[in-house]
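Presented below is the structure to which this report refers.
Where a number appears in this text, it was derived from the coordinates with a stated rule and is not lab data. Everything numeric in this text was worked out from a predicted model, so none of it was measured. Cβ atoms come from the backbone with ideal geometry, glycine included; neighbour counts cover every protein chain shown.
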Amino acid sequence: MRLDVVTIFPEYFGPLDLSLIGKARGSGLLDVTIHDLRTWTHDVHRTVDDSPYGGGPGMVMRPEPWGEALDALAPRAEGRARLVVPTPAGAPFTQKVAHELAAEPHLIFACGRYEGIDQRVLDHAATRMPVSEVSLGDYVLFGGEVAVLVMCEAIVRLLPGVLGNAESLAEESHANGLLEAPVYTKPPQWRGHEVPEILRSGDHGRIARWRRDQSLLRTAQRRPDLLADLDPDTLDKRDVAA
Ligand code: ADE
C-alpha cells in the first residue's frame, strides 16, 4: 500500500518510523511519503492561508498549493488513489471505514489546519478520484495531522502480514460489532483482585461463552448504540438470554 501525506507540519509524522508501522515500511508492505504543502507555494512567505469569504473568525487554506500538490501526487496514482481529508465535519471514521481504506492501493491524506481547506480543492479532486471526508469523533482538533496518524495506525494494522497474529483481529473490539471482553494475564491474584475462575478452567467452550457474555454486557453498558445496530441474525439463543 502507498500512503502520501500532505501537511504543513511534516514533523508530526515521526511516529510513522516506529513500531509495527516502521516495520511494515522496512519490509516493503507499506510505502509512506510525507510532503510539506509549502513546497507548492511560490511567494516569499510560503503562504498557505487567507481570510474566509463571507467573513468569520480564523483563516482558510488557499486552494492553489493544494491544487498543485494533488496535481503532483495524483498522476502517480494512475487513477487508483483515494483522497482522504480528516475534518470534524466528515463522516465517522469507524472500523468498517478502516477496512474499506485498507483495501485501497493508494491513499493521499490532506491535513487541513485553521478553519479547513477551501472546498473547491475537494470538489475539483472529486472530478479525478474518490474523496472521503472523515471525522475521528465529535470534538475538534487543531488540525488533521493527529487524525491522520490515528487513521494510518487503524488502517495499516489491517494489512495482511502486518500483525504477527491475525487471530487478534478477529477477537478485538469492533470486529463483530461488539466491545471486547476484559483480558487478564499472570499472576492469578494481584492486590486482592482475582482472574475470573472460568478463564483458568481450561474449558474452551465455557470460556468462549463467558467472553461473549462479557462482550454483550460491556457493549450494553458502554455503547448501547452498537447493540442496537447488531444484525439479529448474528445473535444466538444464549446471547438473548444474556
Ligand atoms: N480535524 C480537526 N478535528 C478533527 C476531527 N474530530 N476528526 C478529524 N479531523 C479533524
Separation of alpha-carbon centers, region 1-52 and region 207-231, rounded to whole Å = 38 Å
Output for region 178-241 (equivalent-ellipsoid semi-axes, sqrt of 5λ from the C-alpha gyration tensor, Å, descending) is 26, 15, 8
Helix-derived [θ] at 222 nm for the chain: sum -39500 (n - 2.57) over DSSP H runs of at least 4, divide by residue count, nearest 500?
-> -10000 deg cm²/dmol
So in the chain, what percent of DSSP beta bridges are antiparallel if you round to the nearest 5?
-> 15 percent
Please give the contour-minus-distance gain from residue 25 to residue 42: 0.36 nm per residue of separation, less the Cα-Cα distance, rounded to one decimal in nm.
-> 2.9 nm
Anchor residue 23: lysines whose Cα lies under 17 Å away (excluding residues fewer than 8 positions away in-chain) | none
Note down the relative contact order for the chain as a percent, whole number, built from C-alpha pairs under 8 angstrom at least six residues apart.
-> 18 percent
Which value results for Rg/Rh of the chain when Rg is the Cα radius of gyration and Rh the Kirkwood radius based on the inverse mean 1/r?
-> 1.07
Show the residues, 5+ positions off or on another chain, whose built amide H is closer than 5 Å to the amide H of residue 173.
-> 180
Longest DSSP-loop-exposure-free segment, chymotrypsin sites (Phe, Trp or Tyr not before Pro), the chain, at most 12 other Cβ within 10 Å = 143-242
